[in-house]
Amino acid sequence: MRIGGLQLFYFKNHEERHLQFCDGINCITGPNGSGKTNILDAVYYLANTKSFFNGIDQQLIKHGQEFFSIHGFFENETPTEILVNFGNSKKTLKKNGKVYRRLIDHIGIIQTVFITPYDISLILDGSEERRRFLDFTISQTDRPYLEQLSLYKKLLDQRNAFLKQAEGSHVDPVLLETFDDRMAEAGQRIFEKRRAFISAFTPYFQEFYVYLSGDAEHPTLLYVSELHEKPLKDLLYLSHNRDRVMQRTGSGIHKDDLEFLLSDYPLKKYGSQGQIKSYVIALKLAQYKYFLEKTGKKPILLLDDIFEKIDGNRAGKLMELVARDYFGQIIITDTHAEQVKDHLEGLTVEKKYFALEKTLNTNAAPAQNSSEDPA
Ligand SMILES: Nc1ncnc2c1ncn2[C@@H]1O[C@H](COP(=O)(O)OP(=O)(O)OP(=O)(O)O)[C@@H](O)[C@H]1O
Ligand SMILES: [Mg+2]
């Protein structure tokens, strides 16, 4: 899977930008705030129908403008043209000129793996981030999972609204049970798939962690869920009273978590900075391998600020790894062109360099086209 051309109009700080990528390693360099990460985010958007960083499309429109548009030309067995337009609070997504009725139908067509300094939130933030990682990774290659998940979320909202409406007083247990039945069916399937996923995914992850860290510590992923103890149907039934008082649903797969361990100790509490960095990169590389194994197609690898925020040793190992045949097209960003060139010098894959200028944030900025240096 490759992206050939990318065109942006009024997307974040980019007024109008046209880029033509090579099939190997593409390096985007430029000063802080010049829009490097935004370009990776645009590629991510075309694959996932939303920004990696910001779920509010309105905020992605360049200041002072009324719409944004991202246009990508992919080689995905056959040429595939994806166009996103957002304006007047309305988003349209087209594949080869045809408008999608439901955005969800686009998920899994194009796969990207995005490695960014923000990945650290997987370790440090709350369980929602980890569930998002889990759901994102599974849904890319499992449409029924995505459908079950969206059904489950809808049912959860309905059950919570029903509990809220009762304001803590009596709720009809029979009516509550009708919610339980439908939620339990979807939730139980999601649980089974998450469990199967973790066991398939863990060996990939362990392999990359050991490679990156050279560490003797044994990393493991622990899937934390109440559903290991009891079926969701029973959990929901047993929590009727608590849920009535709390006015929300306290049991279910929306409470699941993923625990990151190193030799049986929680990484968040005991891991060194280097171990944490290796851990998150290994999670993302395992995601790459998982997609590749499932689909037979190489995802597009997006590496944000890879030499800046990840230390030299790990970045060197990562580059050595990705330059092997195993990985396909890569887009890298960095503030220092020379630093990137040094790192990539010895690699025999095709390379292309793009230099962004710092743009003034005015509405009347001229159309900017990056200078290309085929080095
Ligand atoms: N809606 C928007 N309209 C205009 N500018 C925006 C918008 N959203 C973000 N920006 C600008 O985009 C710039 C950030 O772009 P980006 O994060 O891609 O920079 P970068 O080149 O990756 O920088 P760094 O080297 O610091 O990572 C900021 O200057 C920010 O103000
Ligand atoms: Mg950046």
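The values are calculated or read from the model by the stated rules, or taken from the named source; none is laboratory data. Note that this is a predicted model, so its numbers are computed, not measured. Here the Cβ is made from the backbone with ideal geometry for all residues, glycine too, and neighbour counts use every protein chain on show.
For region 4-12, does any single residue satisfy the condition of being under 13 Å from T112 (Cβ atoms) and within 12 Å of ligand 1 (Cβ to nearest atom)? For region 4-12, residues under 13 Å from T112 (Cβ atoms) and within 12 Å of ligand 1 (Cβ to nearest atom): absent.
Here E15 passes the criteria (1) in contact with an Asp or Glu (Cβ under 9 Å, 6 or more places away or on another chain); (2) more than 16 Å from ligand 2 (Cβ to nearest atom); (3) part of a strand (DSSP E or B) except the one numbered (1).
Being under 19 Å from Q111 (Cβ atoms), touching a Phe, Trp or Tyr at 6+ places or on another chain (Cβ under 7 Å) and of a type in the set (D, E, K, R) holds for only one residue in E16, E81, E77, and it is E81. Could you check how many residues of region 18-65 are acidic (D, E) and within 16 Å of ligand 2 (Cβ to nearest atom)? Here the count works out to 1. Condition check for S69 on (1) in a helix (DSSP H, G or I); (2) over 30 Å from Y279 (Cβ atoms); (3) in contact (Cβ under 8 Å) with a residue 60 or more places away in the chain: one failure, at (1). One residue alone among F205, F201, F162 is over 27 Å from the mean Cα position of the chain (by Cα), surrounded by 15 or more Cβ atoms within 10 Å (Cβ to Cβ) and either part of a helix (DSSP H, G or I) or among the small types (G, A, S) (or both), and that residue is F162.
Do we find a residue being in contact with a helix residue (DSSP H, G or I) (Cβ under 7 Å, 6 or more places away or on another chain) and within 8 Å of ligand 1 (Cβ to nearest atom) anywhere in region 32-53? Scanning region 32-53 turns up no residue that is in contact with a helix residue (DSSP H, G or I) (Cβ under 7 Å, 6 or more places away or on another chain) and within 8 Å of ligand 1 (Cβ to nearest atom).
For region 294-307, the candidate set comprises residues that are more than 16 Å from ligand 1 (Cβ to nearest atom) and in contact (Cβ under 8 Å) with a residue 60 or more places away in the chain; within that set, the residue that is nearest to I198 (Cα to Cα) is K294. Of all residues being within 16 Å of ligand 1 (Cβ to nearest atom) and modelled with pLDDT under 80 in region 308-340, which is farthest from F53 (Cα to Cα)? Just the residue, please. Taking the candidates together, the pick is A315.
This table checks each residue for (1) more than 21 Å from I306 (Cβ to Cβ); (2) modelled with pLDDT of 95 or more.
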{"site": "F11", "(1), (2)": "yes, yes"}
{"site": "D41", "(1), (2)": "no, yes"}
{"site": "Q58", "(1), (2)": "yes, yes"}
{"site": "E66", "(1), (2)": "yes, yes"}
{"site": "F74", "(1), (2)": "yes, yes"}
{"site": "F86", "(1), (2)": "yes, yes"}
{"site": "K90", "(1), (2)": "yes, yes"}
{"site": "G97", "(1), (2)": "yes, yes"}
{"site": "I104", "(1), (2)": "yes, no"}
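Candidates are the residues of region 110-128 that are over 22 Å from G328 (Cα atoms) and hydrophobic (A, V, I, L, M, F, W, C); the one that is surrounded by the fewest Cβ atoms within 10 Å (Cβ to Cβ) is L124.
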